[in-house]
Structure formats: C-alpha cells, structure tokens
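The values are calculated or read from the model by the stated rules, or taken from the named source; none is laboratory data. Because the structure is predicted, anything quoted here is derived from the model rather than measured. When we count neighbours, we look across all protein chains shown, and the Cβ atoms used for this are built from the backbone with ideal geometry, even at glycine. What goes into the accessible areas is simple: the full protein's heavy atoms, side chains included, and nothing from ligands, DNA or RNA. Shrake-Rupley method; radii C 1.70, N 1.55, O 1.52, S 1.80 Å.
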Amino acid sequence: MFRIRPIEETDLEAMIALTEQTGLGFTNLPKNAKRMQTLVSQGAASFHQKTGRAFYFFVLEEQES
C-alpha cells in the first residue's frame, strides 16, 4: 500500500539515492546533495509554519518497506 505524506528531514538520504538512480530529464530533483538538503528542510518546515511563504514537498511512501 502506498500513501502520500509531507516530506521529513529523515527522507533526505532516500531522496539523494533516488536522484542518483534517475536519468536526465526524468525528474526535476537536483543531483546536488546540498541543494537537496535545502529543499527537504524548506519542505519540512513549511508544514509547521503558520505564516509566510511555503514550499510544500510531498513524498510517495510504500508502507510495507
């Protein structure tokens, strides 16, 4: 079973691994660990802030694994 959920800081390693497995043009995720860290941090923080500019970042998670 799959679910869509907000990104969390603990997803960073898996997101970096995902970008290493995809080819050019397949995804718009950066193949840069520092930039990915920024995106994950901004995305996770957006779900906790009450005001200001938000950057909502979701992930698809397979619950069995």
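Candidates R35, R53: the one that is assigned to a loop (DSSP other than H, G, I, E, B), open to solvent by 60 Å² or more (accessible area, probe 1.4 Å), of a type in the set (D, E, K, R) and without any contact (Cβ under 8 Å) to a residue 24 or more places away in the chain is R53. State yes or no: is V40 touching a strand residue (DSSP E or B) at 6+ places or on another chain (Cβ under 7 Å), open to solvent by less than 70 Å² (accessible area, probe 1.4 Å) and not aromatic (F, W, Y)? When the stated conditions are applied, V40 does not pass them.
Picking from residues in the range 38-50 that are assigned to a helix (DSSP H, G or I) and polar (S, T, N, Q), the one that is farthest from P6 (Cα to Cα) is T38. When the residues of the range 23-43 are filtered to those that are of a type outside the set (A, V, I, L, M, F, W, C) and closer than 16 Å to L60 by Cα, the one that is modelled with the highest pLDDT is G43.
Filtered by the rule that a residue be open to solvent by 50 Å² or more (accessible area, probe 1.4 Å) and assigned to a loop (DSSP other than H, G, I, E, B), the range 1-26 gives M1, E8, L24, G25, F26. Consider the range 56-65 and keep the residues that are of a type outside the set (A, V, I, L, M, F, W, C) and exposed (fewer than 10 other Cβ atoms within 10 Å of the Cβ). The one that is modelled with the highest pLDDT is E62.
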